[in-house]
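Presented below is the structure to which this report refers.
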Amino acid sequence: MIDPRKTIINERLKEIANIIAVSSGKGGVGKSLIASTLALTLAKKGYKTGLFDLDFTSPSTHLILGVKNVTPIEEKGIIPPVIHGIKYMSIIYYSGEHAAPLRGEDISNVLIELLAITRWSKLDCLVIDMPPGISDATLDIIRLIKRIRFLVVTTPSRLAYETVRKLLNLLKDLNIPVLGVMENMKMQDSNFIRKHVEEAGVAYLGEIPFDKQLEEAIGDVNRLLETEFSGRIAEIIERNSRLLVPK
Ligand SMILES: Nc1ncnc2c1ncn2[C@@H]1O[C@H](COP(=O)(O)OP(=O)(O)O)[C@@H](O)[C@H]1O
Ligand SMILES: [Mg+2]
């Protein structure tokens, strides 16, 4: 089916140098916190950064950033509001506190619509908070956003890694670049994830400890950036900045 919006999407994204999808095989592994912290940290380092919440079923980045009562400006499309130094776009501008009960084709439609109307302009990096797993929405995003590269999150659990292994295989089959894997909520020493990731020929970017202070920092960006969690993410970015956001 010819959909003119699909041509517009490429046009809208063409001034973005790097597009990073924070993804996992599972929910609850820390994608939204990592995506938000990654975006905030890149912005602090002086990169022009955007954050796009594409987890329509459970959007959370607005809660992490403490976004309230913000409405984007409409001008030949939608201009994403700047929140804590990042251009921020989410379905919550339109759904508010209500659930967005989207199914099947509706999800694709909203996705295409948001991609086609959002005017990011020039960005060094757009971070995407992805829906969990290999859902239709994930496959749509891969299909619609050319140049997308994946940053995959796992926990130390074999159960999480099993779903991540499948995601990595799928991305390999589809020829989608994978920047690497972050191991989140680490509580004890173990090489299990590093070993498997490296055996799969993927970069192991580093580990992030389980941080008891993190929950209280949700909604308070200054506090979030002072947590050990954010400190570790900043280190990982520092070590891998050429990989994550090549200038
Ligand atoms: N490193 C960590 N230490 C402690 N809690 C964490 C950590 N990473 C994530 N969490 C918690 O885990 C839960 C799920 O995180 P979230 O970012 O919403 O995951 P996802 O987007 O993958 O579903 C949240 O309550 C969050 O506070
Ligand atoms: Mg999430």
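A P(r) calculated from all alpha carbon pairs of the range 188-247, with 10 Å bins opening at zero, reads 20, 38, 34, 9 percent. Fewest neighbouring Cβ atoms within 10 Å first, the residues 118, 49, 154 line up as 118, 49, 154. By the count of other C-beta atoms within 10 Å, a proxy for reagent exposure, 204, 94, 88, 161 are ordered fewest to most as 94, 204, 161, 88. Restricted to Cα atoms, the range 1-97 shows a radius of gyration and a Dmax of 14.1, 42 angstrom. Taking the Kirkwood radius as Rh and the Cα radius of gyration as Rg, the range 123-182 has a ratio of Rg/Rh equal to 0.95. The range 177-247 and the range 64-131 have their alpha-carbon centroids 25 Å apart.
If each residue's Cβ is checked for other Cβ atoms within 10 Å, how do 63, 214 rank with the fewest at the top? Kindly include the intermediate steps, with their values, before the conclusion.
On the way: 63 14, 214 21.
So the ranking, lowest neighbour count to highest, is 63, 214.
Please find, in a Gaussian network model of the chain (springs between Cα atoms separated by less than 10 Å), the residue of 142, 19, 128 whose mean-square fluctuation is greatest. Among 142, 19, 128, the largest mean-square fluctuation in the Gaussian network model of the chain belongs to 142.
Under a 5 Å amide H cut-off, with hydrogens placed 1.01 Å from N, residue 78 pairs with 118, 119 among residues at least 5 apart or on other chains. Derived scalar couplings between HN and Hα for the range 45-52 equal 7, x, 7, 6, 10, x, 10, 10 Hz in order, rounded to whole Hz, by the Karplus curve 6.51 cos²θ - 1.76 cosθ + 1.60 (θ = phi - 60°), x for Gly and Pro. The value of relative contact order for the chain, using C-alpha pairs under 8 Å at least six residues apart, is 28 percent.
Considering Cα pairs under 8 angstrom that are at least six residues apart, work out the relative contact order of the range 8-130 and quote it in whole percent. Spell out each step's value before the answer.
On the way: 194 pairs, mean separation 58.9, N = 123.
Result for the range 8-130 is 48 percent.
With q set to 0.15 Å⁻¹, the log10 of I(q)/I(0) for the chain, from the Debye formula over equal scatterers at the Cα positions, is -1.05.
Simple spin-label estimate for residue 174 and residue 69 gives 4.0 nm between the two label positions (7 Å along the Cα-to-Cβ direction from each Cα).
Any idea what the relative contact order of the range 123-247 is, in percent, if you count C-alpha pairs under 8 Å spaced at least 6 apart? Please list the in-between numbers first.
Numbers: 129 pairs, mean separation 24.8, N = 125.
Dividing the mean separation by the residue count of the range 123-247 yields 20 percent.
Values in this text are rule-based calculations from the coordinates and carry no lab data. Quantities reported herein were computed from a predicted structural model and do not represent experimental measurements. When we count neighbours, we look across all protein chains shown, and the Cβ atoms used for this are built from the backbone with ideal geometry, even at glycine.
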